[in-house]
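The structure appears below as structure tokens.
The values are calculated or read from the model by the stated rules, or taken from the named source; none is laboratory data. Worth saying up front: this structure is predicted, and the values here are computed from it rather than measured. Quick reminder, even Gly has a Cβ in these numbers, built from the backbone with ideal geometry, and neighbours come from all protein chains shown.
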Amino acid sequence: MSSHQAINQAFEHLYGAIEYGFDAPKSKAKDGPLKHLQRVMADLDWELMRESFPAFSGSWLEAFSCQEQGVPVAGQVVKAAALPKAAELTKRAASDAEREVLAQGKAISLRPPAGDVLVVSPTSDEACVYQVTEQGVTKLAGSIVDFVVAEVTRISGTAPSAAPGGDAGGPPVFLDGNNYAVVIAGRRLQGDFTVGVVRALRQAVADLAVSTGLPLAAVYMGESGEDAEADQTDYGSVVIGLVTAWMDGEGGNREPAVLAHEALSASALERIPTELWELVEEHGGALDDEAGVFLASAGWTVASIFPADATWEDGSVEGEPLVTTCSEDDGAGVRIDDNAELAGQGLLLWATYA
């Protein structure tokens, strides 16, 4: 997936969350990710974003889009030509490494009223993104694509990889026969449980998701089938918690989705209401003590996380997955928040039938 496609996918998700379509700008093949992002900012409907997303106000996407369109933010119009030189900001750096970053960087946006500066460094397609304030220099993302994905995730409340095949209101119930790769912060259902318990839990958790407005789910990894008796032992695996990213693989016919690093953070566990765990006990389920972020393969599925340089060719992903799990395996679902191999690089999420 190219940087242009990844950026477009993020904004498709942002617009899709409020049931609007996104018209991607026409960029030239030679345009790098920053140039493409500038084209998106020049057309972004900032008024709609302000009305629809409280978190858009004060964000870098608001500052950047208004700058590109000559619109005031906090009563100030910021012009690209008037942006400070990144090298002039070195007095805000606390270390030699930060000074080097700024010396090699370029300011691309300024956010009123505090005057925070958004910097890319080095000035190439492989640039990282930094925020420079009076308090110092903070690295926001390891690439422009990751920066966009992180901003869209924070503003919309869900990761862009949740967009393909999904509903704006949250993840589906992940019923049998569906084919999803799911990233979920939560806990495993442990011990022996029946088909009836799994069915009841999935629906009860889905109802709680509606009442709380949170993307809660009980992700079932198996294939008990609709004809299975309720008192039959189910040998699938189940993870219950808060979904941070998901994609519908459509049997492997959909290309991978960009996976934001924020979706892998165990901090999502803090957003899970205690009512969820109480609900599990009420329905006869027992939870494992270990909590974390898991890659789950909902339905009869192989779910994988690939590096960003993996390519989509003729209906398959070319490249070795960094992590994979299959519903066919015992104990399907793999914990990923403590996987150091996933840190520091772009990621793609993909699902196909087992």
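Structural remarks
- Flag for S237 being among the small types (G, A, S), under 26 Å from the mean Cα position of the chain (by Cα), surrounded by fewer than 21 Cβ atoms within 10 Å (Cβ to Cβ) and at pLDDT 65 or above: no
- Qualifying residue in the range 256-278 (condition: in contact with a Pro (Cβ under 8 Å, 6 or more places away or on another chain), within 19 Å of Y353 (Cα to Cα) and at pLDDT 80 or above): yes
- For V119, the criteria (1) more than 29 Å from the chain's Cα centre (by Cα); (2) within 25 Å of Q9 (Cα to Cα); (3) of a type outside the set (D, E) hold in every case but one, which is (1).
- Flag for G285 being touching a Phe, Trp or Tyr at 6+ places or on another chain (Cβ under 7 Å) and small (G, A, S): yes
Conditions tested, residue by residue: (1) among the aliphatic types (A, V, I, L, M); (2) loosely packed, with under 13 Cβ neighbours inside 10 Å; (3) in contact with a helix residue (DSSP H, G or I) (Cβ under 6 Å, 6 or more places away or on another chain).
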| site | (1), (2), (3) |
| --- | --- |
| A260 | yes, no, yes |
| A263 | yes, no, no |
| A266 | yes, no, no |
| W277 | no, no, no |
| G284 | no, yes, yes |
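- Neighbours by Cβ (under 8 Å, 6+ apart or cross-chain): first from the range 208-220, touching a residue at least 40 places away in the same chain (Cβ under 8 Å) and assigned by TED's automatic domain parsing to the domain that holds L242; second outside any strand (DSSP E or B) and among the acidic types (D, E): L208/E275; T212/E275; Y220/D176
- Residue within the range 73-84 that is touching a residue at least 60 places away in the same chain (Cβ under 8 Å) and not aliphatic (A, V, I, L, M) present: no
- Identity of the residue in the range 11-69, more than 22 Å from V119 (Cβ to Cβ) and basic (K, R), that ends up surrounded by the most Cβ atoms within 10 Å (Cβ to Cβ): R50
- Among the strands (runs of 3 or more DSSP E) confined to the range 293-354, the ones with at least 1 residues that are buried (at least 18 other Cβ atoms within 10 Å of the Cβ) are located at 301-307, 316-318, 323-326, 347-353.
- If the condition is being exposed (fewer than 15 other Cβ atoms within 10 Å of the Cβ) and small (G, A, S), then the range 91-107 contributes A94, S95, A97.
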